[in-house]
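Worksheet for the structure shown next.
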Amino acid sequence: MDDREPSLPPVPDRHRRELYSPASPGAGELPDVVGPDGVRVSLRVEPAIDRLKRLRYLFFTPPVVTDPVRAYVGYRHVPGWVQRVLLKDRWSVQIEADNGDRRRLVAPDYPAAVDEARRVREGIARDGVAYLRTLSS
């Protein structure tokens, strides 16, 4: 992870798949929160490109054995370029409740995304999952 503040714990290793993982090294998770309604909510802060990388992995497998150079460039270097240039280094906060409620918030940079995630976590701890209805998706 970069030396940017504020920082979050990294995504657990169970979410990474070695060299060609759809989870970026800079992604992080806040501890799960349970509001007064008893529903557990997970919050994850990640670069905007991670969502596109997950979609790509649904339909394609990296040709690591048949074309290792193209796989390395296409799955390791191109996403970083897309994140920096096309997505202008935006970050997102993925919110998922155990009742199936999901939200995605977009932030202009990493510190803003972490602040947004912490604000949402505090709102859920105070009001429960009903707080998610106040957020725009």
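The values are calculated or read from the model by the stated rules, or taken from the named source; none is laboratory data. Since we're looking at a predicted model, the values are computed, not measured. Please note: Cβ atoms are built from the backbone with ideal geometry, for glycine as well, and neighbour counts cover all protein chains shown.
Looking only at the range 119-137, filter to residues that are within 23 Å of residue 52 (Cβ to Cβ) and surrounded by fewer than 17 Cβ atoms within 10 Å (Cβ to Cβ); which one of those is nearest to the chain's Cα centre (by Cα)? Looking at the filtered set, the residue picked out is 137. Screening residue 70 against (1) charged (D, E, K, R); (2) closer than 23 Å to residue 25 by Cβ; (3) surrounded by fewer than 15 Cβ atoms within 10 Å (Cβ to Cβ); (4) modelled with pLDDT of 90 or more leaves a single unmet condition, (4). The residue that is farthest from residue 130 (Cα to Cα), among those in the range 34-67 that are touching a strand residue (DSSP E or B) at 6+ places or on another chain (Cβ under 6 Å), surrounded by fewer than 16 Cβ atoms within 10 Å (Cβ to Cβ) and not β-branched (Val, Ile, Thr), is 42. The residues of the range 122-137 that are closer than 14 Å to residue 33 by Cβ and touching a residue at least 12 places away in the same chain (Cβ under 8 Å), listed by number, are 124, 125, 126, 127, 128, 129, 130, 131, 132. Scanning the range 53-98 for residues that are over 22 Å from residue 110 (Cβ atoms) and touching a Leu at 6+ places or on another chain (Cβ under 7 Å) returns a single hit, 97. Residue 75 satisfies every condition listed in (1) touching a residue at least 40 places away in the same chain (Cβ under 8 Å); (2) more than 14 Å from residue 51 (Cα to Cα); (3) part of a helix (DSSP H, G or I) except (2). Looking across the range 25-51 at every residue that is under 21 Å from residue 76 (Cβ atoms), assigned to a loop (DSSP other than H, G, I, E, B) and over 8 Å from the mean Cα position of the chain (by Cα), the one that is modelled with the lowest pLDDT is identified as 25.
Take residue 116 and decide whether it is out of contact with any Pro (no Cβ under 9 Å at 6 or more places or on another chain), surrounded by 17 or more Cβ atoms within 10 Å (Cβ to Cβ) and acidic (Asp, Glu). The answer is yes for residue 116.
For the range 101-137, the set of residues classified as within 13 Å of residue 90 (Cα to Cα) and not in a helix (DSSP H, G or I) consists of 104, 105, 106, 107, 108, 109, listed by residue number.
Of all residues in the range 103-112, those satisfying the criterion of being buried (at least 17 other Cβ atoms within 10 Å of the Cβ) and either among the acidic types (Asp, Glu) or under 26 Å from residue 36 (Cβ atoms) (or both) are 103, 105.
How many residues does the range 1-24 hold that are modelled with pLDDT of 75 or more and loosely packed, with under 15 Cβ neighbours inside 10 Å?
Start the filter on the range 1-24 by keeping residues that are modelled with pLDDT of 75 or more, which leaves 24.
With loosely packed, with under 15 Cβ neighbours inside 10 Å added as a condition, the list becomes none.
Number of matching residues: 0.
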